[in-house]
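Have a look at the structure below before the remarks.
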Amino acid sequence: MVIYAGNKTEEIIQEAEKRRNASPSFMDVWLIFDRDYVTNFDRLIQEAEKDGMHAGWSNPCFEIWLSAYLGEMQSISIPQKCTERFAKLLKNKCHINEYHKADSKLREKLLRYGSEEAAIQMADRKYKSALRKYENPSDMIGCTTVYQLVRELLEKQGN
């Protein structure tokens, strides 16, 4: 696994393409990003998928996926509000007073108080419902496809 953070999304796609073409260990590429304030969100998803990569996106922010572990995926369009809502949910349901994006034990904490399988099911239902209404991921507020990667990883682990 290679993580690139802090770069422009277009640069990440180009770097992932270079890595994939240079090494067979990078044949199954997942790009994980959120809408936040990305103006070309839909185009980036299309470009990644056209290049044979998977786009695991969240709209508006990654915390919409994390919220699903705790049984909630609200349609909040402002990334900051989405993150704040998750922090509040984490406090109320998990008794964790501070949310840190870089918390390496966050998944473990979410599994203690929530359900990964229920999160996958909830995210899948919400995404499929949004697909019936909207053409573009940028219009699918409160949705994510990160669950597809998580489901694939769990299947590969045999869980």
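The values are calculated or read from the model by the stated rules, or taken from the named source; none is laboratory data. Computed from a predicted structure; not experimentally measured. When we count neighbours, we look across all protein chains shown, and the Cβ atoms used for this are built from the backbone with ideal geometry, even at glycine. For accessibility, only protein heavy atoms count, side chains too; no ligands or nucleic acids. Shrake-Rupley method; radii C 1.70, N 1.55, O 1.52, S 1.80 Å.
A few notes on this one:
- Residue satisfying all of: in segment 128-159; touching a residue at least 24 places away in the same chain (Cβ under 8 Å) and either among the basic types (Lys, Arg) or farther than 19 Å from ASP34 by Cα (or both); surrounded by the fewest Cβ atoms within 10 Å (Cβ to Cβ) among these: LEU154
- Failed item, numbered, when THR39 is tested on (1) open to solvent by less than 30 Å² (accessible area, probe 1.4 Å); (2) hydroxyl-bearing (Ser, Thr, Tyr); (3) out of contact with any strand residue (DSSP E or B) (no Cβ under 8 Å at 6 or more places or on another chain): (1)
- Between ALA16, ALA55, the distinction of being of a type outside the set (S, T, N, Q), open to solvent by less than 40 Å² (accessible area, probe 1.4 Å), within 13 Å of the chain's Cα centre (by Cα) and at pLDDT 80 or above belongs to ALA55 only.
- Test: residue in segment 114-126 that is of a type outside the set (A, V, I, L, M) and within 24 Å of TYR37 (Cβ to Cβ): yes
- Of the residues making up segment 72-113, those that are touching a helix residue (DSSP H, G or I) at 6+ places or on another chain (Cβ under 6 Å), hydroxyl-bearing (Ser, Thr, Tyr) and open to solvent by less than 70 Å² (accessible area, probe 1.4 Å) number 2.
Here is a yes/no grid of residues against (1) under 30 Å from GLY114 (Cα atoms); (2) at pLDDT 90 or above:
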site	(1), (2)
LYS8	no, no
ASN21	no, no
ILE32	yes, no
THR39	no, no
ARG43	no, yes
GLU49	no, yes
SER67	yes, yes
